[in-house]
Every structure is written in structure tokens, then in C-alpha cells.
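Structure first, then comments.
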Amino acid sequence: MEVVIAKDYKDMSRRAAILIAGQVMGRQQSVLGFATGSTPVGTYSELVAMYREGIVDFSGVSSFNLDEYYGIGPDNPCSYRRYMAENLFDHINILALNTHVPNGLAADIEAECRGYEEKIRLAGGIDLQLLGIGNNGHIGFNEPADFFPAWTHLVDLAEDTISANARFFASPAEVPRSAISMGIRSIMAARRIVLLANGAGKAKAIKNMVEGPITPSNPASILQIHPKVTIIVDREAGAHLA
Ligand code: F6R
């Protein structure tokens with residue numbers, strides 16, 4: 001694991017965007033794995049700026065998002081599909097048909113999950129997967145458990161996660177209690193992983209991920225055995241590291 005302590009949120013975002021842009025420059029047909037949430041917003045705006053400056057061209061890129069709330073359609077303002085459109089896809093030249101987010105309204109969940117893995121496989125696998133981390137150590141929506149969930153699956157969100165997500169919804173009753181998420185194997189199969197975290201609230205999760213035991217009760221700890229992981233944190237999130 002390579003750990004980079006960035007000066008602040010802007011520096012963390014810029015460093016992540018540079019890694020992603022470098023990946024795309026090196027391989028125009030790159031397959032990128034994207035995350036949502038507060039953490040990568042700055043990275044996406046740096047990428048949009050790089051695109052506008054002519055530094056990076058996304059026309060050959062395909063993307064797969066980690067997760068989507070279950071029971072929420074793409075037009076719902078809280079959906080991750082909408083988040084990606086607003087923060088990235090609508091501002092760069094990635095082709096809409098090359099962007100993939102699990103379908104939160106799928107009637108046949110098993111078929112949706114199998115089909116999602118198949119699409120990743122047909123695209124050639126993920127070259128670079130961007131991740132955030134939950135306060136409880138989740139990656140994607142793989143919550144603490146007594147096993148590592150393998151592939152894309154339907155997840156019951158942990159109470160921690162539901163309350164952390166509530167800030168994006170008008171009322172607590174609207175916060176989804178389940179989601180479709182790539183599994184730990186889907187994430188670990190990516191050729192390169194870049195995980196971001198900022199703020200003091202993430203310091204404990206970062207320390208446990210980097211220095212704690214590898215255990216499904218702390219899903220992010222599995223990243224210790226991935227051969228190519230870069231963790232980029234701001235000073236607050238990195239504060240407890242030895
Ligand atoms: C989002 C995702 C989650 C978030 C995590 C951190 O697609 O998979 O694992 O990365 O919950 O969220 P923020 O960035 O909002 O703190």
C-alpha cells in the first residue's frame with residue numbers, strides 16, 4: 001500500500017485526478033471504476049477542468065460505478081446515476097452508453113448483479129478503481145460482516161451508513177435501506193485502486209484499514225493484500241497513522 005498524505009482536500013483531489021488522467025492518457029480505452037459520496041466530488045471537478053483544458057480525452061473510456069441505491073431510479077435526484085451526471089458525465093466527453101451504474105429499479109436483482117459483472121468482464125476488467133471509505137470501514141457498500149461478499153450483490157445497509165447517507169435526503173424516511181454494490185472480489189479484481197479520504201471523521205477508519213488486521217469486520221482492510229493500491233488522505237484523515 002502506498003499512502004500519500006495530501007496538504008488538504010484540494011491537494012488530495014488534484015492528486016487523484018492526476019492519477020486518473022494519467023491512466024486515461026496511457027490507455028485511451030481505459031475502464032474506470034467510480035465512487036460517489038462527498039469525498040470524490042473535488043476529484044471529479046478537477047477532471048472536468050482537465051478535460052476543458054484539453055488535457056484529457058474521455059471519448060474512449062468506459063466506466064462502472066461501485067453502487068446504486070435499491071428502489072431508486074436514475075431520475076431520482078438522490079440516485080448515484082444522477083450524481084455522476086451532475087458531477088462528471090455531463091461535463092466531459094465520455095459516451096453515455098459507455099457509463100454503467102447498477103439499475104436500482106431492476107425487477108430481477110440476481111440477473112442485474114450477474115449482468116453487471118458480465119459487463120465488467122466484457123469491457124476487459126477495471127483498470128483503475130476509485131474508492132471512498134465509510135466511517136465503519138465499508139468500501140462500495142460492503143458493510144462489516146463475518147465474510148467478504150464476493151461479487152455484485154444486494155446489500156442491507158448498516159445503520160451507520162443509513163445515518164451517514166441521511167444528509168443527502170429530505171427526510172430520514174426517504175433514506176434507502178439497501179443498495180446494489182460491487183463485491184469485494186469485484187473491487188479487488190481492479191488492476192489499480194485509488195482510495196481517498198478526508199477529514200478527522202475518517203482518521204480511525206484509515207488507521208484500521210492500513211494498520212489493523214485483515215478481517216471482514218473491517219472490509220477495507222482487504223486492500224492490504226492488493227498489489228497496487230494508493231491511499232490519498234488529507235492531514236486530518238491521516239492523523240492517526242503511525
Ligand atoms: C459510494 C461508496 C461508499 C462511499 C463511502 C464514503 O459510491 O461506495 O463506499 O465511498 O460511504 O462516503 P463519503 O465520501 O460521502 O464520506
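Data table
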| read-out | value |
| --- | --- |
| Loop-located GluC sites (Glu not before Pro) in region 149-242 whose Cβ has at most 15 other Cβ within 10 Å (DSSP) | none |
| Ordering of 120-131, 36-47 by burial proxy (mean other Cβ atoms within 10 Å per residue, highest first) | 36-47, 120-131 |
| Percentage of interatomic Cα-Cα distances in the chain larger than 32 Å | 13 percent |
| GNM top mover of GLY26, GLY140, GLY132 - the chain, alpha-carbon springs below 10 Å | GLY26 |
| Rounded accessible area per residue of region 1-141, 1.4 Å, Å² | 42 Å² |
| For region 128-207 and region 91-122, distance of Cα centres in Å | 18 Å |
| Accessible surface of region 12-150, 1.4 Å probe, proportion on carbon and sulfur as whole % | 52 percent |
| Region 18-167 - share of DSSP beta bridges that are antiparallel (%, nearest 5) | 10 percent |
| Cα gyration tensor shape for region 101-242, rounded if a/c is under 1.5, else prolate or oblate | oblate |
| Where trypsin sites (Lys or Arg not before Pro) fall in DSSP loop in region 1-110, at most 15 other Cβ within 10 Å | LYS7, ARG27 |
| Region 156-210 - percent of accessible surface contributed by carbon and sulfur, probe 1.4 Å | 51 percent |
| Linear extension gain, ILE5 paired with LYS228, 0.36 nm per residue minus alpha-carbon span | 78.6 nm |
| Gaussian network model of the chain, Cα within-10 Å springs - most flexible of ASN135, ASN165, ASN103 | ASN165 |
| 5 angstrom amide H check on LEU195, placed H, neighbours 5+ away | LEU131, THR230, ILE231, ILE232 |
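The values are calculated or read from the model by the stated rules, or taken from the named source; none is laboratory data. These numbers come from a predicted model, not from an experiment. Cβ atoms come from the backbone with ideal geometry, glycine included; neighbour counts cover every protein chain shown. Side chains included, ligands, DNA and RNA excluded: accessible areas come from the protein's heavy atoms. Shrake-Rupley method; radii C 1.70, N 1.55, O 1.52, S 1.80 Å.
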